[in-house]
Every structure is written in C-alpha cells, then in structure tokens.
Amino acid sequence: MPITGQLLPGIRQLLTGYNVANSLRFNQPSSDYLNRTPSSAGNQRTFTVSFWYKRTNFGAKDIIMSTTNGGSTFFNFGFIGSGTHADKFQFYWYDGSTDYGYHSARLFRDTSAWYHVVLAVDTTQGTESNRAKVYINGVQETLTATYGAFPQNLDTYFNKNNVHYIGYDHDSSGALLNGYLSEVVNIDGSQLAPDQFGEFDEDSGIWKPIDVSGLTFGTNGFYLDFEESGTGTNASGMGADTSGNTNHFAVNNLTAIDQSTDTCTNNFITLNPLIGTGTYTDNQVYSEGNTIVIPNSTDNYGTAFGTFGATKGKWYWEAQIVWNGTSNNANFPKQIGFMREDYTFNKSYLGQNDDQTWGVAFHDLGTDGWGLDHNGSFSAISGATTMANGGTVMLALDLDNGKFYMGYNGTFFTSGDPTSGATGTGAIATLDATDLSFTIIPAVTNATNSTYYKFNFGNPAYSISSGNTDGDNYGNFEYAVPSGYFSWCTKNLAEYG
C-alpha cells in the first residue's frame, strides 16, 4: 500500500512570527490529567474554550475537558470513540435524566498534524444555531444535535464551582486522553470567534496560533501554556494559569518528561498508527505520544513508520533499547532504519527481499553483533558487537549525499563521520539515485512485546541525561547532533527538507 498521500498532512505548521514553546503529552493508561475546582461559579451559559490538539490514536474516546454538577451529571467535549459517529468532535450535557449535545459532520483522523478547536457557547441566544458553535482550524463546523439542541438559558455546568478536568471524562466511562495539548484557554463570560486565537498565514493559508495573553479571561478563565515543568498546583506547575487569574490546575501522574516541544508551531514526527492493514502492520500498540510502538502477543515483526519524511537534507534521530536480555535472534530488538514512500508492506521486516527499506538489527552471529538488512541481504557491521537494555542507538541520514550512518552510545559504527559529505566515511549504507527520488521515512520492525525501541525524533518520552539540540536549537537528544544535521520537525523541514 503506497503511502505518498499520507505524508503531506503532517507538514502543516510552518515558520511563524508567534511560537508556542511547549505542549503536554497525555498517555493512557497512565491516568494523566489536570483538574481544578473553582472557588465560586462563573458564567455557565456563555464561554469560549480554545485549544490545540494533536491526536495520537483514533477509534478511541478522547475527552479534552469535562465537569459535573455532582453525581452522574456532566458536561464534556472531545472526540467520540466508537459507533456511528466515531472520530467526530462532540460536546454533551447530561443532568441524570435529560441530555443535550452535538457532533461534527466531519471525521478527524489525522494523527500527523495539530488541530485547533474553538468551542463557543452562549445559551442566552434566541436563535438556536447561535447557542453553540465549533470552529476547527479557523472554519466553522456543521453540527448535528445528536441528543437535542441546547435550550435557551441552559446552565452547562462549565465554570460552575465543581471539579473541572483536562484529559479525563467525568461520566461513567472514565475515559482518559491520548495525545498532545497546547495553548488551552477558557474565556469565562464571552462567546468569541476563532480569530481571537489564531489567523490564516498570509503566504501559506495555513491556520496558525496568535498571542492570546491580552484577552479578557473572566472569573474562571485561564490560559495554560505548559511552559513550567513542576507538579505543584501553583505558578511553577505544568497546570499553571498564566492569564493573571491564578486559576492553576492540579497535576495528576504527569511528570516533567510529559512536557514536550512538539507543538502547534513546530510539529515533530511521530510513528503513524493509520497504517493498520496487512499481515505485517496491524495489531500494534502505540503509546507515549506515538513515540513507541509494540506488537501485541499475536503480531511479531510488525512494521511501523513515521508520519512524514524528507527528500533532501541531513537528519538525526535516536532510539532507546528495551530488551529482555534473552540472547537469540527472536528476542533481540529487530530492525530500525528507514523506508522509501513506495514500500508496500508485503514483507515481514525492514530489508527483507526488497530494495525499498533498510534495517539495522542486533543478531545472534556466534559472536553477537549489529548488521544491516537491505534487499534481502544481511551484512555484519565490523566491530559493532555491544548492545544492552537502556542503550541508545544514533541514526544519521544524509539525503544530500545518499549516506546512512548509525552508532551506539555516542560512537558511530566503523568510525563513521556523518559530516564527511560525498566521501561517506564509515557510512553503513549508500542510497542510489532511484532511492533519492522518493521521500524517505524513518521506520522500525519490532520483534516482540518485550523487546522494542523508544523513539526520539527530538521529542523524547523518556529521560535524557545530557540534553543536546540541533544547530537550530530544536530537539532534545542524549548525544551531540552531528554538525549540519537536524531533528525531524516541521520548522527544519520547511528550511532544509
């Protein structure tokens, strides 16, 4: 199944005058969420909520925010998990016996891009269609009143002095959020248009965020920019309110590693869960913002790949090894490498009997060691004999000169020098002109659910002990990024890819 058509949606956020520094990464089933209980009620009839959201799965219930009036009553909004309206945006009110709510006409299944959502409510409006509006990426959505339209002067429970959650559903399902959130805003007392939170770029036409700090937020309004990494309910916590209201949220099970630089103004590559058909690609479990993919117990050798790639430039990424210590081919972490966009997933792992993929793996060779699989041929890498649980592999791909380098724990194999250009000193693979005519995408084949890789394209979901950025100060890596190489993010792709 060619994947060319799935590459472009991820490259949506270009260079912009306003930059968002951080997001929070929510991961089921870790019970990651924020919560706050206002000390007094605000306006339950008129308010606007704005947020940027990067989905990491689909066909699952992703509730962005929820609140209650006590007991089994609730008001929530997010993406529907299953059934007729799966993957549509929905907001829903229930008082224990009567319910009201709407869903969008469109599906939202792009896990490679950031969505901007504005929910603008004013139930005092005499015209029914004006009482609740949804805008996604600056465009008003067509809504269907799934459970009945909001009646005039409905008190929604939002901004009431009861608990409000971000990333947790108060209703009986208790659903948790998967994905990245940034720029979360509540305007208590005003129904605003999306141009108060974003604008269309005059050159690209892409919807992008603007500075919201000058808005009037109202009594229970807040602005969460996620620039702090603490876990307290204060100005230093991840749930800090920077609107001036000090309506800080409590942090539950989120840690500093959940603060990410993958944002609505610099979108990092992740692994792509949309590939779910075929013998060798389905039934895999994606987690930690799609930086980890693990086969389930019935699906060994599942191949996964990134949400976008490049046709030129020099790219660096890392991966941390998770290994159960068993020394045989079936239990070593399997192939890590990259693929051409025309790969059709008709083989069991990267490099097997095709010339569209390259995979490096540790093998039982008598003397164990690393080797490269490509086009059905395996080549041992001289002197590369070490691997351990928690070790870090380094990958450097020079698409300008068609050279691929790989290393382990700070040293490139075969004395590789990724800065050597056309000379290709120590490169373990060379791409030909045909290869370089295609988009090249990072990829992986995992062996079992106990041996796999944690990916770091510059946005790691695991702790980094040193911390290194690329030459443009993007990314967070364990080892120094070779000069001239860059992390896989849209700002770099816009300039170098």
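Highest mean first, what order results for 451-457, 36-42 on Cβ atoms within 10 Å?
Details: 451-457: 24.3, 36-42: 14.6.
With the highest mean Cβ count within 10 Å placed first, the list reads 451-457, 36-42.
May I have the pair-distance distribution P(r) for the chain, computed from all Cα-Cα distances with 10 Å bins from 0 and rounded to whole percent?
Calculated P(r), rounded to whole percents: 4, 20, 29, 23, 15, 8, 2, 0.
May I ask for the Kirkwood hydrodynamic radius of the range 20-260, worked out over all distinct Cα pairs and given in angstroms to one decimal?
17.7 Å
How many angstrom lie between the Cα centre of the range 311-373 and the Cα centre of the range 452-497?
Each part's Cα centre sits 20 Å from the other's.
Compute the signed sum of charges (Lys and Arg +1, Asp and Glu -1) over the other residues within less than 13 Å, Cβ to Cβ, of Glu141.
Net charge around Glu141: +3.
For the peptides 441-447, 101-107, what is the packing order when you average, over each peptide's residues, the other Cβ atoms within 10 Å and list the highest mean first?
Ranked from most to least packed, the peptides come out as 441-447, 101-107.
Going highest first, how would you order 17-23, 364-370, 52-58 by mean Cβ packing within 10 Å?
Per-residue Cβ counts within 10 Å, averaged per peptide and sorted highest first, yield 52-58, 17-23, 364-370.
What is the spread of the Cα atoms of the range 171-284 along each of their three principal axes, largest first, in whole Å?
Answer, in whole Å and largest first: 54, 41, 30 Å.
Only residues of the range 468-482 count here: report those whose backbone N is under 11 Å from the spot 7 Å along Cα→Cβ of Thr419, or say none.
Answer for the range 468-482: 481-482.
What 222 nm value per residue comes from the helices of the chain, counting each DSSP H run with n ≥ 4 as -39,500 (n - 2.57) and dividing by all residues, nearest 500 deg cm²/dmol?
Here the helix-only value at 222 nm equals -500 deg cm²/dmol.
Please give me the summed charge of the neighbours of Thr311: other residues whose Cβ is under 14 Å from its Cβ, Lys and Arg +1, Asp and Glu -1. List each step's numbers first, then the result.
On the way: positive: Lys312, Lys314, Arg340; negative: Glu341, Asp342, Asp398, Asp400, Asp435, Glu495.
Net charge around Thr311: -3.
Tell me, what is the percent relative contact order of the chain, built from C-alpha pairs under 8 Å that lie six or more residues apart?
Contact order relative to length: 16 percent.
Using the Kirkwood formula on the Cα atoms of the range 284-496, what hydrodynamic radius do you get, in angstrom to one decimal?
On the way: mean 1/r = 0.0589 Å⁻¹.
17.0 Å is the Kirkwood radius here.
Run down the aspartates and glutamates and flag those whose C-alpha is under 13 Å from the C-alpha of Lys133, throwing out any fewer than 8 positions away in its chain.
Partners within reach: Asp122, Glu141.
Excluding Gly391 itself, what net charge comes from residues whose Cβ is under 12 Å from its Cβ, given Lys and Arg +1 and Asp and Glu -1?
Value of the local net charge: -1.
Any read-out appearing in this document is the output of simple, stated calculations on the displayed coordinates, not a laboratory observation. Every value quoted in this text rests on a predicted model; they were computed, and no experiment measured them. Using ideal geometry, Cβ is built from the backbone for each residue, glycine included, and neighbour counts are taken over all protein chains shown.
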